[in-house]
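Undergrad: Input: one structure, supplied below.
The values are calculated or read from the model by the stated rules, or taken from the named source; none is laboratory data. Since this is a predicted model, take the numbers as computed values, not measurements. When we count neighbours, we look across all protein chains shown, and the Cβ atoms used for this are built from the backbone with ideal geometry, even at glycine.
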């Protein structure tokens, strides 16, 4: 890990002078500035007067002790990463420190490399936290800023939004499920000249065909059983605003025909009526399917497709946005905080997230983080809290890696197959508790073929 401690401010609070001096020497050699405190009261004063970038607090020092200082600063909303240091290397103390909001826990005697790595990780966490807070402040000041991400693919999305937002051109937003297509539609609306008008959204796949036409265009009293009064449709509700149609590929040919007329003439009739209703709306659609294939299959009108796809904005899948993962994770950790404070990810959990393919994209990531926060009780999130299955491309990669290792053993295909066969036998014996007959049954071979590797 390349250390980046230059110019950072580290508070060292320990009642033992030699310990303070040792930590000071280690950190200042890497370019950090250090503040010293020998009591909990001094540490508290330093944290309240001017926040350092990281605080290293000893558990046992003149009152208040390190854990009490930690609890008090968290109750006051001070989110400085805190490393708790003690000679008592116990699981109980570790759990208590983490529950009170410690970033990390280190036991004496110190390992120099471990101290530096922990401080470096805490500083990176601090930088990311500040970036997310800045983004949240911008979002509060400007409601258009609701998309999280600064990767290359997202920058291209932002540029395209900027070019088309002020126009009334129809926009089709494409992308896999869970990539945030409706958020793009909302940003387009909020950035447009129609931002003071309504934003009305309909998921075409969520409504049966018998209800969709009435939902879009409204109906007259008596148009069908249960139509006890006239009802305005979503198009009318979106007058002088933006109308967003999600999963546009799911609408029937009859509804497609009526939608095409609305786009061409800006008029329609309610179900059961013959009076033309005129609307002034901007139409934005979204789909997770390849619309050219849908058109080629004959289930979607070609003329309607080109009317809707004047401008296309493609939302990239999460697997192409690796640089955005830290920002997205911090955003969701703050959004789903427990007890007024955010949970955090262990390094192993972050590695698992980076190695996963996220077929459900940003929506799946948020659901995973929310579940993990609940399972971890708002504290440190470990891989077992993520509950991520090895599927899809991640599984393919792991299988390819395993096959590659077999080939590396030499012997060509025959050697690789023999090694794989022996590995399967060993696993079957292990799962069967050493019972060769059960292992043979598991593999579907004769018992005399079950020979453990020597």
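Undergrad: Could you tell me how many of the residues in the range 168-192 are within 25 Å of residue 292 (Cα to Cα) and either in a loop (DSSP other than H, G, I, E, B) or not assigned by TED's automatic domain parsing to the domain that holds residue 156 (or both)?
TA: Total satisfying the criteria: 9.
Undergrad: If you don't mind, another one. Considering the range 355-374 alone, what residues qualify as being crowded, with 16+ Cβ neighbours inside 10 Å and either touching a strand residue (DSSP E or B) at 6+ places or on another chain (Cβ under 7 Å) or not in a loop (DSSP other than H, G, I, E, B) (or both)?
TA: 361, 362, 364, 365, 366, 368, 369, 372, 373
Undergrad: Out of the residues in the range 376-406 that are modelled with pLDDT of 85 or more and touching a strand residue (DSSP E or B) at 6+ places or on another chain (Cβ under 8 Å), which is surrounded by the fewest Cβ atoms within 10 Å (Cβ to Cβ)?
TA: Once the filter is applied, the top-ranked residue is 380.
Undergrad: Being surrounded by 17 or more Cβ atoms within 10 Å (Cβ to Cβ), closer than 19 Å to residue 331 by Cα, in contact with a helix residue (DSSP H, G or I) (Cβ under 9 Å, 6 or more places away or on another chain) and touching a residue at least 40 places away in the same chain (Cβ under 8 Å) is the requirement here; does residue 200 meet it?
TA: no
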